[in-house]
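Asker: Dropping the structure in here first, questions after.
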Amino acid sequence: MTRRNATQDFMAHNQAQMHTYCYQLAATWFELHPEATASELVAFLRDQAHKAQTAAAEVYVAKEGMTMDEAMEFQARHYDYRDLMRRELSMND
C-alpha cells in the first residue's frame, strides 16, 4: 500500500461517500420510477443539486456577507465539473 497523508485519506473517504450516495440515489429513483428516462433522472438530479446549492449559498450569505446572487454565482463558477468529467469519462471508454 502506498503512503498516504490525511488529505488523501479524507479525499478517498469523501469520494467513496459521494459516489456511493449518487449511485444509490439514482438507483433508488429508478426503482421508484421504472418507466422513467435517463433525461428525467438527470432533471431530478439537477433539481436536487440546485436545492443543495441554494442551502450552501445561504451559508455564504450568513458567514461571508455575500448576497444570495453573489453566493449562487460563486458556486456556479466553482462547482462546474462537466469538462473535467467529460475528459475523465472519455478516457475510460
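Each value in this text was obtained by applying a stated rule to the coordinates, not by laboratory testing. Bear in mind that the values here come from a model prediction, so they are computed numbers and not experimental data. Neighbour counts run over all protein chains shown; Cβ positions are idealised from the backbone, glycine included.
Asker: For n ≥ 4 DSSP H runs only, could you compute -39500 (n - 2.57) per run for the chain, divide by its residues and tell me the 222 nm figure to the nearest 500?
Answerer: So the calculated ellipticity at 222 nm is -27500 deg cm²/dmol.
Asker: Given 0.36 nm per residue, what is the gain on full extension from ASP83 to ALA49 after removing their alpha carbon distance, in nm?
Answerer: So the extension gain works out to 10.5 nm.
Asker: Rounded to the nearest 20 Debye, what is the dipole magnitude of the chain about its Cα centre when Lys and Arg each give +1 and Asp and Glu each give -1 at the C-beta?
Answerer: Charge dipole of the chain: 420 debye, to the nearest 20.
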